Amino acid sequence: MSVASRALNAVERIGNKLPDPVFLFLWLILGLIVLSMVGAGLGWSAINPVTGEQLKAESLLSPANLERLIIGMPRTLADFPPLGIVITIIYGASVAERTGMFATAIRGALLNAPKAILTPVIVITGMVSHHASDASYVVVIPLAAVIFAAAGRHPLAGLAAGFAAVSGGYAGNLFPGASDALILGITEPAAQLIDPSYSVNIAGNWFFIVGVVIVFTPIVWFLTDRVIEPRLGPWKPSAGVSAPAASEKQLLTSDEKRGLRFAGLALLGMIALWTLITFLPNSPFVDPTAEPEQRFNPLYRSLVAFFAATFFITGGAYGVGSRSIQSHHDLVRMMREGIEQLAPYIVLAFFAAHFVAMFNWSGLGPILAVNAAAGFQTLSLPAPLLLICVVLISCFFDLFIGSASAKWSALAPVVVPMFMLLGISPEMTTAAYRMGDSVTNIATPLMSYFPLILTFAQRWDPKFGLGSLMATMLPYAGAFLIAGLIMVAGWVAFDLPLGPGVGVHYELPAHVTASQAR
């Protein structure tokens with residue numbers, strides 16, 4: 001057995017022994033309680049360089065913290081920032097998904113793609129399809145294989161390109177959506193451990209995620225057409241497997257086309273409405289008293305409502321046009337089903353919310369961040385190298401823990417404040433984490449959709465096994481990792497904006513001296 005095979009087997013064994021993320025948070029909470037008692041007993045402390053406040057470790061078993069935990073349990077869950085944001089967006093996204101708008105738009109984009117640019121169209125469609133949540137896995141990836149086969153190309157090359165875009169390119173998109181709201185919603189309270197006035201908006205990584213699309217698309221195009229497909233060789237259907245029939249391409253019906261036209265008009269209407277509100281006198285989306293680069297912050301914070309309303313209205317318009325909505329009862333049912341789909345996340349959110357809150361109550365997060373930042377300052381490491389460490393740590397944890405929000409809930413309370421003290425904005429730290437969390441998804445059999453992708457592949461080649469799928473996807477993962485590290489380092493080196501009004505660096509208030517920061 002090769003070294004690579006033994007390594008992959010070890011990863012699989014370790015990953016299979018890890019508890020469910022819910023119990024992972026339970027163990028973290030128990031460990032945090034013990035650590036808080038030790039810290040309080042030893043008098044751990046630090047000075048918050050932003051507020052000048054003395055930070056002291058507090059035992060989570062103190063009367064005040066026990067009261068917070070037990071009496072305030074419902075409030076702790078309700079105050080968990082990602083929960084409200086995600087639920088708000090899901091109300092709209094569930095309508096857009098269940099009317100069929102997302103799936104139809106994806107099919108329309110792929111079915112009409114010119115053969116010469118088939119691969120990049122699949123890649124871009126796959127990254128944009130992240131707004132469709134799990135539908136991106138069950139629609140884009142198998143359909144990409146069908147489209148490749150219908151074009152006379154190897155279907156497994158199409159499947160690989162689709163998988164690389166949907167899962168390996170998870171950090172990329174053209175517009176912010178639910179994943180941005182979820183991850184950046186976790187970032188904000190972590191940043192407020194150091195700077196209570198700091199606010200994060202859903203557009204905080206917008207330019208970065210567009211950059212991922214721009215960088216990753218040619219990588220997948222090159223690897224698919226020049227490496228993966230030649231390696232697979234000409235596709236010859238094996239026994240019991242035939243080329244796709246014309247019906248498998250599922251050409252859009254007249255109802256679906258009409259639905260997309262209705263949805264397009266609704267989308268234009270929503271954009272026009274938000275633009276009008278923005279430029280009206282005394283607009284609630286503009287703060288004329290703020291600094292020039294901060295005046296549109298209310299607009300950026302309104303994007304949660306914008307995307308929720310846009311998904312709802314465009315999905316409803318599509319449903320009327322395609323006749324998948326017969327009455328208002330269908331809309332209510334779709335929203336209810338969307339919330340039902342969130343049940344696993346809501347269960348996880350309860351424990352994640354309490355871990356984050358208890359970390360805050362203990363005072364350990366900012367204390368660790370201040371002391372760790374001081375240690376890194378003595379090393380004088382450049383910012384790009386520091387953020388590369390975040391990418392690599394995220395990559396490592398992604399091999400074992402699939403949930404992006406679970407990992408970030410545990411990491412953010414330490415790394416976000418620490419990097420703020422080193423002059424890196426919370427949004428840049430979040431972008432580095434998201435890059436690392438994205439690129440290794442396609443390389444680990446522990447990823448929840450990996451068995452499903454293998455099933456899709458075996459439809460075209462029954463002998464295509466787990467090792468075959470991993471060998472096919474590893475070139476993408478390796479290239480994504482290298483490109484991701486360069487991209488993160490380059491973003492910092494050239495001080496590129498991450499989103500509207502959001503930069504790479506965080507400046508400590510003027511009253512904070514270098515000695516205080518240390």
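The values are calculated or read from the model by the stated rules, or taken from the named source; none is laboratory data. Note that this is a predicted model, so its numbers are computed, not measured. Reconstructed Cβ throughout: ideal geometry from the backbone, glycine too, with neighbour counts over all protein chains shown. For accessibility, only protein heavy atoms count, side chains too; no ligands or nucleic acids. Shrake-Rupley method; radii C 1.70, N 1.55, O 1.52, S 1.80 Å.
Please compute the modelled spin-label separation between Ser197 and Arg75, points set 7 Å along Cα→Cβ, answer in nm with one decimal.
2.5
Under a point spin-label approximation (7 Å from Cα along Cα-to-Cβ), what is the Arg333-Thr278 distance to one decimal in nm?
3.8
Could you give the accessible area per residue of the chain, probe 1.4 Å, as a whole number in Å²?
43
For Ala343 and Leu452, compute 0.36 nm times the residue count separating them, minus their Cα-Cα distance, and round to one decimal in nm.
Working: separation 109, 0.36 × 109 = 39.24 nm, distance 2.12 nm.
So the chain would gain 37.1 nm between Ala343 and Leu452.
Using a/c under 1.5 as the rounded threshold, could you call segment 43-99 rounded, prolate or oblate? The axes a ≥ b ≥ c are square roots of the C-alpha gyration tensor eigenvalues, and prolate needs a/b larger than b/c, oblate otherwise.
On the way: a/c = 5.20, a/b = 2.10, b/c = 2.48.
Oblate is the answer for segment 43-99, as a/c is 1.5 or above yet b/c matches or exceeds a/b.
How much of the accessible area of the chain, probe 1.4 Å, is carbon plus sulfur, in whole percent? It would help to have the intermediate numbers written out before the result.
On the way: 14980 of 22370 Å².
Percent of accessible area from carbon and sulfur atoms in the chain: 67.
Do you know the relative contact order of the chain, to the nearest whole percent, from alpha carbon pairs under 8 angstrom that are 6+ apart?
Working: 796 pairs, mean separation 122.7, N = 518.
For the chain, the relative contact order is 24 percent.
If one puts a single equal scatterer on every Cα of the chain and applies the Debye formula without solvent, what log₁₀ I(q)/I(0) results at q = 0.06, 0.12 Å⁻¹?
Per q value, in the given order, log10 I(q)/I(0) is -0.30, -1.20.
Let me spell out the model: positive unit charges on the Cβ of Lys and Arg, negative unit charges on the Cβ of Asp and Glu, origin at the Cα centre of the chain. What dipole size does that give, in debye rounded to 20?
Numbers: 27 positive and 28 negative charges, 275 e Å.
Taking the Cα centre of the chain as origin, the dipole is about 1320 debye.
Hey, what did segment 155-225 get for relative contact order, percent, Cα under 8 Å, at least 6 apart? Mind showing how you got there, number by number?
Details: 55 pairs, mean separation 33.0, N = 71.
Relative contact order, segment 155-225: 46 percent.
Run the helix sum for the chain: -39,500 (n - 2.57) per DSSP H stretch of 4+ residues, divided by residue count, reported at 222 nm to the nearest 500 deg cm²/dmol. Before the final figure, lay out the partial values.
Numbers: 24 runs with 338 residues, N = 518.
Estimated from H runs of four or more residues: -21000 deg cm²/dmol.
What figure in square angstrom, to the nearest 10, would you give for the accessible area of His131 with a 1.4 Å probe?
About 30 Å², ignoring ligands and nucleic acids.
Give me the accessible area of Ile29, 1.4 Å probe, in Å² rounded to the nearest 10.
Per-residue accessible area (Ile29): approximately 20 Å².
Determine the relative contact order of segment 350-432: mean sequence separation of Cα pairs under 8 Å and six or more apart, normalised by residue count, in whole percent.
Once divided by the residue count of segment 350-432, the mean separation gives 46 percent.
With every protein chain kept in the model, how would you rank Lys236, Lys407, Lys463 by accessible area, 1.4 Å probe, largest at the top? Please list the in-between numbers first.
Details: Lys236 160, Lys407 10, Lys463 185 Å².
The ordering from most to least exposed comes out as Lys463, Lys236, Lys407.
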